[in-house]
Amino acid sequence: MTRIEGHAKITIQLDDNNDVADARFHVNEFRGFEKFTEGRLLWEMPGITSRICGICPASHLLTSAKAGDDILAVEIPETAEKLRRLLTLAQWLQSHALSFFHLSAPDFLLGFDSNPATRNIFGLIAADKEFAKRGIRLRKFGQEIIEILGSRRIHTPWTVPGGVREPLDPAKKDVMLGWIPEAKETVGLALDAIKKIHKKFAKEIPEFGNFRSLLVGLVSKDGGLEYYDGFLRIMDGNGNTIADKLDPKKYFEYFGEAVEPWSYLKFPYYKPFDYPKGMYRVGPLARVNICDFIETPMAEEERKIFKKLGGNVGVVNNSFYYHYARCIEMLFAVEKIEMLLNDPAILGQNIRSMASINRTEGVGCTEAPRGVLFHHYHVNKDGVIQKANLVIATAQNNIAMNRTVRQIATHFIDGKKGKITEGILNRVEAGIRCYDPCLSCSTHALGQMPLHVELLNAGGEVLDEIRR
Amino acid sequence: MLVIGYGNTLRGDDGAGVRAAEHVAVRHPEVRCVCLHQLVPELAEQIADCETVFFIDAQENISQSSARLITPGQEADQPRTHFLSPESLLTLSLQLYRHIPFKAYVIGIPASQFEFSEELSAETNRAMQECVEMVDRLILDVSMENR
């Protein structure tokens, strides 16, 4: 797989008639963060778990700190919460900008069948330099907020159990506000682009992970789009809310984790529906679907347009529209960052609640760019980690990603030819990229991103394979 | 001047580039130092704004810290957009901002232990110190050339 984060492999299995019988998305890396954090101190956990990923370290940092808040049994100061919210949105912005402008846009602007040697950021620059540059600068804006808040862009240890380490410097607030007009303009370009993309790929989109599944995410107390706190809501593929106001701290009561022998990536499912029928999707597509509204005006207008794609059902079930939902969330992030920065409370000096260990178990939950993220720790009375469980967004999309791969493979691959064309292969990959999977996070894997796709006949013999 | 140290500080010697850049930042407050997990596209703008850039990274299969000058290029396979090579970053700077530094160095620090650890091995720690001294000399050379 290319243009995703982490290692993966796809196998496409044919039946006796050489039709596609199955297709699987394998994740073949394993790191074991949950195991080696045992014995470390609770206060170290944000710094350690943020190293899981170089793309979304702030999400792990925040979720870990929230698990720490739970163990300390503290309510963090208002300013600390607002600063943490700012950091969450900066993480969304930089991650979504990378996904849309640099990982997926080459397919959209250059075409799925374009030359793979130039179907990348350099090809994108050649095709539309300003678009590529804007994407880089939007990501830079998100990164700059993270850097300002944490002094470092990656693996900042600024968020800690009980709050944050340092208040916001007023001069830095103005620097961040200075980015807002450009950021809004750039997200506007992205939204214009995605609507043109929908028209350009109108015939292909129905095959890109178009199926009903459960949708899971956080919503605010009043049902709005949420990213840092709130309740879990579960919606079915017909738009019915089947569970609402669920306490994220009891996630283990609602979700189970299945394993398959062919992948290190777990397969979380909704327990009442069992595995694999309890398939659910998380992330932008789920969040924009399940919320009743978005609190910022421009993003709310876009949400209404988005919902119309669901037709009479009122829910958008096609994974291709992850990209659109991601653009809407970028718009929300920019608008909300502006609101937070203009809130006088953001400059408060009371930023940390101090406490010692008051509970031996705690759960943190936030919406990471790719979906809802849980950190669950057990500690002893000294705060030493006895057990840790991390439930990552990408893993929660695992069943749906496999189904997406199967749908695309079934539609586009002609097994009788015994060959996979590069363009078809790229469509299969693009199906996975809709979810913007971060395999570093989900398996806690480390490394590069080789492509390996195998086409197997009914007897398991390799008919064709491609490696990059 | 810009110094970019990158690597994973939880993976033993892999963090040598970051450690070296942290030392350079203390010794040369006038030099902008950036510490990163991996090279990312948005560095292109900062690189385009400077006249000399140093990329410092841990490297296997070398016996001592060494510097080499690089020019814009691309990876042989598809460029990784979650992380890039120094040569690809120079290409990105050139294509997007029409400017690259007069000199771009990649400095490798010999590394061999990549297990979970926040400590450098003794050999890599020694090589990291040599690297910092090498960067001292190169910064001095560049400063003299610019006078």
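The values are calculated or read from the model by the stated rules, or taken from the named source; none is laboratory data. Predicted, not measured: the structure shown is a model, and the values here were computed from it. All Cβ positions, even for glycine, are placed from backbone atoms using ideal geometry, and neighbour counts span all protein chains on display. For accessibility, only protein heavy atoms count, side chains too; no ligands or nucleic acids. Shrake-Rupley method; radii C 1.70, N 1.55, O 1.52, S 1.80 Å.
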remark   = Exactly one of A:266, A:221, A:245 is out of contact with any Lys or Arg (no Cβ under 8 Å at 6 or more places or on another chain), within 25 Å of residue A:362 (Cβ to Cβ) and surrounded by fewer than 17 Cβ atoms within 10 Å (Cβ to Cβ), and that residue is A:221
ask   = How many residues, within the stretch B:113-143, are exposed (fewer than 14 other Cβ atoms within 10 Å of the Cβ) and in contact (Cβ under 8 Å) with a residue 12 or more places away in the chain?
value = 3
inquiry  = I need the helices (runs of 4 or more DSSP H) fully contained in the stretch A:318-420, keeping only those with at least 2 residues that are among the aliphatic types (A, V, I, L, M) and either over 18 Å from the mean Cα position of the chain (by Cα) or within 30 Å of residue A:172 (Cβ to Cβ) (or both).
reply    = A:322-341, A:398-412
ask   = If you go through the stretch B:81-96 one residue at a time, how many are β-branched (Val, Ile, Thr) and at pLDDT 90 or above?
value = 1
remark   = Selection from the stretch A:101-121 of residues facing chain B (nearest Cβ under 8 Å) and either in a loop (DSSP other than H, G, I, E, B) or open to solvent by 10 Å² or more (accessible area, probe 1.4 Å) (or both) yields A:116, A:117, A:119, A:120
request  = Considering only the stretch B:91-120, state which residues are over 27 Å from residue A:135 (Cα atoms) and within 14 Å of chain A (Cβ to nearest Cβ).
outcome  = B:114, B:115, B:116, B:117, B:118
ask   = Does any residue of the stretch A:26-43 turn out to be in a helix (DSSP H, G or I) and at pLDDT 85 or above?
value = yes
message = Restricting to the stretch A:68-91, and then to whatever is of a type in the set (Lys, Arg) and closer than 15 Å to residue A:143 by Cα, can you tell me which residue is most open to solvent (accessible area, probe 1.4 Å)?
response = A:85
task = Answer yes or no: is there a residue in the stretch A:52-67 that is surrounded by fewer than 21 Cβ atoms within 10 Å (Cβ to Cβ), at pLDDT 85 or above and charged (D, E, K, R).
result = no
query = Taking the stretch A:189-240 as the region of interest, how many residues are within 30 Å of residue A:130 (Cα to Cα), assigned to a loop (DSSP other than H, G, I, E, B) and free of Cβ contacts under 8 Å to residues at least 60 places away in the same chain?
reply = 2
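Here's the yes/no breakdown for (1) open to solvent by less than 10 Å² (accessible area, probe 1.4 Å); (2) more than 24 Å from the chain's Cα centre (by Cα); (3) at pLDDT 95 or above:
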| position | (1), (2), (3) |
| --- | --- |
| A:148 | no, no, no |
| A:160 | yes, no, no |
| A:187 | yes, no, yes |
| A:198 | no, no, yes |
| A:202 | no, yes, no |
note = Residue count, the stretch A:117-127, condition closer than 22 Å to residue A:202 by Cα and not hydrophobic (A, V, I, L, M, F, W, C), comes to 1
request  = Identify all residues within the stretch A:307-317 that are assigned to a helix (DSSP H, G or I) and on the phi > 0 side of the Ramachandran plot; write none if there are none.
outcome  = A:311
query = Can you name the residue in the stretch B:25-58 that is surrounded by fewer than 20 Cβ atoms within 10 Å (Cβ to Cβ) and polar (S, T, N, Q) and is also farthest from the other protein chains (Cβ to nearest Cβ) among such residues?
reply = B:46
query = Counting only residues that are at the interface with chain B (Cβ under 7 Å from one of its Cβ atoms) and open to solvent by 10 Å² or more (accessible area, probe 1.4 Å), which one in the stretch A:130-143 is nearest to residue A:189 (Cα to Cα)?
reply = A:133
